[in-house]
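Novice: Supplied in structure tokens, the structure appears directly below.
Values quoted throughout were computed directly from the atomic coordinates according to the rules given, and no laboratory measurement underlies them. Keep in mind that what you see is a predicted model, and the values were worked out from it rather than measured. Using ideal geometry, Cβ is built from the backbone for each residue, glycine included, and neighbour counts are taken over all protein chains shown.
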Amino acid sequence: MTRRQPGSHRVLEPPRATLFSRLPSAWALVTVLLGAVLALAVARVPILTPDLWWHLATGEFIASHGIPRTDPFSYTLAGRAWTAHEWLADVAWARVFAAGDLNAVVWLRVALVMLAWWGSYRLARVHASRAISLAWLLAAVWVSQRNWLDRPQLWSFVLLPWVLFLLERTRLHARRRIWALPALFAAWVNLHGGFMLGIVLLIGWTTAPLVARRADRRMRTRIPILIASLAATFVNPYGLGGVLYPLGYVGSGLSATIQEEKPGALDSSFAWVHAGLVVATLAVVIARRRRIPLEHLWVVGVLAWLSMPRVAGLALPFAAERHAPLFLHACVPMLAWYAFRLARLHRIEARGWALGRAAAAWVAMIAMAGFGLWEVQRAWPRPARPSDRVLAGRFPIAAADWIARESLPSRLLNPYRWGGYLAFRLHPHQSVWIDSRGDLYGAERLREDEILHRFAPALAAAAERLIARDDPDVIVWPLLSLDFGALRVHPFTRWIEQRSDWRLVFFDGPDPARPRAPWATTAVFLRVHPRNAPWLARLPAVSLPAGLPL
């Protein structure tokens, strides 16, 4: 078929079809490439969070004894009621660890992060194009790297965008897939306490048409879905206690002692970019508020409030740093929806997609993808053993090996961030003083841990009372620490070492097989007491090496 050029008698031939014109735009390769780079970047992050270890310990405990009703890991809380509300996530981690050690745990993290961002991408694509969706989500992904941690919160990052995806698709067109929501909430309540936020958003989404006075026949589906989802949250081992647990957590006062429970501070580039995304989303929503459905306003308002950082010393109630990733996964796709409607962006995007179909674009994209993957694999860590997945010096690995080998007495005094690891490695033969289950121990115990962690001579009397009250037999404490600026012997360790009623019996020296690995991470003290006579008889006192910074 031919066509005549306007104003001319010359007949134009149609453009000849080529291999590249038949293929999708070369920009489609960008999506695949970015996904591969994201997966490799997530996998390169070492194990940082202390929470993973007590989740692994809980999963192993459930496999052997069933879901716990009381605390099994701490001698100071023995018999206290404990709601292991994330038990399903704990079991999943324990099963994965049993199948493939810490390497498998890392790849589970990769799978969850990828699934979460795939859900956010699908949510953005409900109303926005691929280019606009990727542009905004790239900024969100960059900010979120602070939260690529092995914690049950990853399950909330996965489920929240998929719940909103189902709700939005159903708002546009009635679909039967919405009946998957009760099943999602039945799983979510056993995976992470973030299900409560999902319920809050679902209530607002369901009642929005009533508030806006535009209720229609779709309300016949929305209300039964809400009721069924609420009922599904009772499908947990603790019944009403499991449903109400997140409310008790919020009211436990942890925001006074745990950093992530406080509103974020504008102290890094990550925080500033997150704040910029919040402001951009609110600005777009306010500017187009009369054209935006009330359901969207509800989601953006709730999540922006909960993730708002502290500004000029002012903080919103219930705002917390840990909520920031939920905003990124749920609201940045909505920002893409309304940015997509700008006419100028449409024209720029159309030109970009046209260029993307050229042969030169494909060649350039393939070359960039090959070079990028080559560079990533060159920098890819190749751990010789699974323990290399753990950030060197962050946990008392050598000390736990030695304690298990020597079968020391059971009552350990340890810092907050090491309790989970020690419980995972040494339970049931040893019990810890504290671990990172802050909601179980309470704000008072966390303040006591802070006394020992920030030890100074003026706090010696308070430390003495803590030791006398809880009567530990073994102290496992950091030896060298960066928590006081320059690298130095921890003040509490130095104080204990100078006492006659405690004997230094172990510290981790340099490893000849790993000369660059940190050493002098941990000191282990044994109490000089008649009940410890068998261990005192066979474990001589050791001296710290000369030259350690004091």
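Novice: Name the long-range amide H neighbours of S431: under 5 Å, sequence gap of 5 or more, or other chain; modelled H, no Pro or chain starts.
Specialist: Amide H neighbours of S431: R411, L412.
Novice: While we're on this one: For V250, what charge total do you get from the other residues with a beta carbon under 11 Å from its beta carbon, if Lys and Arg give +1 and Asp and Glu give -1?
Specialist: -2
Novice: Any idea how far the Cα center of the stretch 107-122 sits from the one of the stretch 225-240, in Å?
Specialist: Each part's Cα centre sits 25 Å from the other's.
Novice: As an exercise, identify the trypsin sites (Lys or Arg not before Pro) in the stretch 26-86 lying in DSSP coil whose Cβ has no more than 15 other Cβ atoms within 10 Å.
Specialist: R69, R80
Novice: Continuing with this model, one more query. How big is the charge dipole of the stretch 28-351 about its Cα centre, in debye rounded to the nearest 20, if each Lys and Arg gets +1 on its Cβ and each Asp and Glu gets -1 on its Cβ?
Specialist: 1940
Novice: Which three extents, in whole angstrom, do the alpha-carbon atoms of the stretch 392-538 cover along their principal axes, largest first?
Specialist: 42, 39, 32
Novice: With Cβ to Cβ distances under 12 Å as the rule, what net charge do the other residues near H323 carry (K, R +1; D, E -1)?
Specialist: Result for the local shell: -1.
Novice: Another question about this same structure. What whole-number value in cubic angstrom gives the convex hull volume per residue for the C-alpha atoms of the stretch 28-351?
Specialist: It is 154 Å³ per residue.
Novice: Right, next: Which of the trypsin sites (Lys or Arg not before Pro) across the stretch 116-189 are loop residues per DSSP, with 14 or fewer other Cβ within 10 Å?
Specialist: The qualifying sites are R175.
Novice: Return the loop-located trypsin sites (Lys or Arg not before Pro) in the stretch 391-459 (DSSP other than H, G, I, E, B) with at most 15 other Cβ atoms within 10 Å of their own Cβ; answer none if there are none.
Specialist: Those satisfying the criteria are R454.
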